[in-house]
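The values are calculated or read from the model by the stated rules, or taken from the named source; none is laboratory data. Computed from a prediction, not measured in an experiment: that's the story for all the values here. Every residue, glycine as well, gets a Cβ built from its backbone with ideal geometry; the counts of neighbours run over all protein chains shown. Remember, those area values only see protein heavy atoms, side chains included, never the ligands or the DNA or RNA. Shrake-Rupley method; radii C 1.70, N 1.55, O 1.52, S 1.80 Å.
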Amino acid sequence: AFPEDADLVIVAGPQAPFRPIEVERLRNFLDDQGRLIVFLEPYIPHGLDDLFYDWGILADDRIIVDESQDRQIFGGDTLIRQFADEHPITAFLIDNQLSVLAGQPRPVRINPGRPEDDSLTITQIMGSSGQSWAERSYRVEDPPVYSAGIDIPGPVPIATVSERAVGSDLGLSLEGGKLAVFGNSDMLANGRFSFYGNQIMANNLLNWSVGQSEMLSIPPRSVQEFQLALSQPELMKLLLWLMSVPL
């Protein structure tokens, strides 16, 4: 079992499916008002489908293909620039026009076949561009090609959070368990965490999970180095501007 004083469990990039007994322990932890953050990788089965279903979340076995040059940087990384407007995790990113840098994501969305549960509040907090889709046949199609009626058209959700309210003897609605699922774990990797939007997102995610609302959107302590990630059109504009100065 989890330690009794554990407030939060983070699953970062699992490389093999969880066993049924492990899934049950995670379910019991959440039902006991625990907080769980899961960062999944594409291509790798996770074994958490039943747990996600209970919380109204679906993490499809697909990959997101984004053809918008504004969302790609040289090297293949993805710039996430679409966020939920009023969620505590992403509000600061929108207000300050920040992006989150990630590798190739998988879709994580509200489960259309979820059970009716008025105690759940489910929010899709990050998404791809309108020029993207969630590719189902990525294991056999190279390069992937959009197929209407089979693939999911963009924008496609990349991260979804679910929180449960629990009743009390006095008829009050109290805060229960929280589950956050992301379709990529690379946004927390050392090579991308120096990107300012990633730091803000991670800081807000942790504080939201454990209920420290007064700490939301307070920037982390300064670091010695920041990474500047520009999309391909932005980089070309910068190069043209730099060349125009000496001319």
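Among the residues that make up segment 130-140, is at least one of them farther than 15 Å from Arg62 by Cα and touching a Gly at 6+ places or on another chain (Cβ under 9 Å)? Yes - at least one qualifying residue is present in segment 130-140.
Restricting attention to segment 84-106 and to residues that are closer than 21 Å to Gly154 by Cβ and among the polar types (S, T, N, Q), the residue that is surrounded by the most Cβ atoms within 10 Å (Cβ to Cβ) turns out to be Thr90. Restricting Arg19, Arg109, Arg81 to those that are of a type in the set (D, E, K, R), open to solvent by 60 Å² or more (accessible area, probe 1.4 Å) and modelled with pLDDT of 95 or more reduces the list to Arg19. On the stretch given as segment 1-35, residues that are under 23 Å from Ile158 (Cα atoms) and either out of contact with any Ser or Thr (no Cβ under 8 Å at 6 or more places or on another chain) or of a type in the set (Phe, Trp, Tyr) (or both) total 13.
Being aromatic (Phe, Trp, Tyr), in contact (Cβ under 8 Å) with a residue 12 or more places away in the chain and more than 29 Å from Ile200 (Cβ to Cβ) is the requirement here; does Tyr43 meet it? I'd like the intermediate steps shown before the answer.
Details: aromatic (Phe, Trp, Tyr): yes; in contact (Cβ under 8 Å) with a residue 12 or more places away in the chain: yes; more than 29 Å from Ile200 (Cβ to Cβ): no.
No.
Quick check on segment 147-156: of everything there that is in contact with a strand residue (DSSP E or B) (Cβ under 7 Å, 6 or more places away or on another chain) and β-branched (Val, Ile, Thr), which residue is least open to solvent (accessible area, probe 1.4 Å)? My answer is Val156. With respect to (1) assigned to a loop (DSSP other than H, G, I, E, B); (2) of a type outside the set (Phe, Trp, Tyr); (3) at negative phi; (4) out of contact with any strand residue (DSSP E or B) (no Cβ under 6 Å at 6 or more places or on another chain), the lone exception for Pro144 is condition (4). Within segment 188-232, the set of residues being over 17 Å from Leu98 (Cα atoms), in a helix (DSSP H, G or I) and modelled with pLDDT under 85 comprises Gly191, Ser213, Glu214, Met215. Scanning segment 7-16 for residues that are open to solvent by less than 30 Å² (accessible area, probe 1.4 Å) and either in a loop (DSSP other than H, G, I, E, B) or at positive phi (or both) yields a count of 2.
Tell me, please, whether a residue that is in contact (Cβ under 8 Å) with a residue 12 or more places away in the chain, in contact with a strand residue (DSSP E or B) (Cβ under 8 Å, 6 or more places away or on another chain), among the aromatic types (Phe, Trp, Tyr) and under 25 Å from Phe193 (Cα atoms) can be found in segment 66-81. Checked segment 66-81: no residue is in contact (Cβ under 8 Å) with a residue 12 or more places away in the chain, in contact with a strand residue (DSSP E or B) (Cβ under 8 Å, 6 or more places away or on another chain), among the aromatic types (Phe, Trp, Tyr) and under 25 Å from Phe193 (Cα atoms).
Here Ala159 clears all of (1) at pLDDT 90 or above; (2) surrounded by fewer than 20 Cβ atoms within 10 Å (Cβ to Cβ) except the condition numbered (2).
Within segment 51-62, one or more residues are over 21 Å from Asp151 (Cβ atoms), modelled with pLDDT of 95 or more, under 18 Å from the mean Cα position of the chain (by Cα) and part of a loop (DSSP other than H, G, I, E, B).
If you filter segment 22-40 down to residues that are open to solvent by 30 Å² or more (accessible area, probe 1.4 Å) and assigned to a loop (DSSP other than H, G, I, E, B), you find that the one that is nearest to Asp186 (Cα to Cα) is Gln33.
Take segment 42-72 and flag every residue that is of a type in the set (A, V, I, L, M, F, W, C) and open to solvent by less than 20 Å² (accessible area, probe 1.4 Å).
The first filter runs over segment 42-72 and keeps only residues of a type in the set (A, V, I, L, M, F, W, C), leaving 44, 48, 51-52, 55, 57-59, 63-65.
Scanning segment 42-72 gives Leu48, Leu51, Phe52, Trp55, Ile57, Ala59, Ile63, Ile64.
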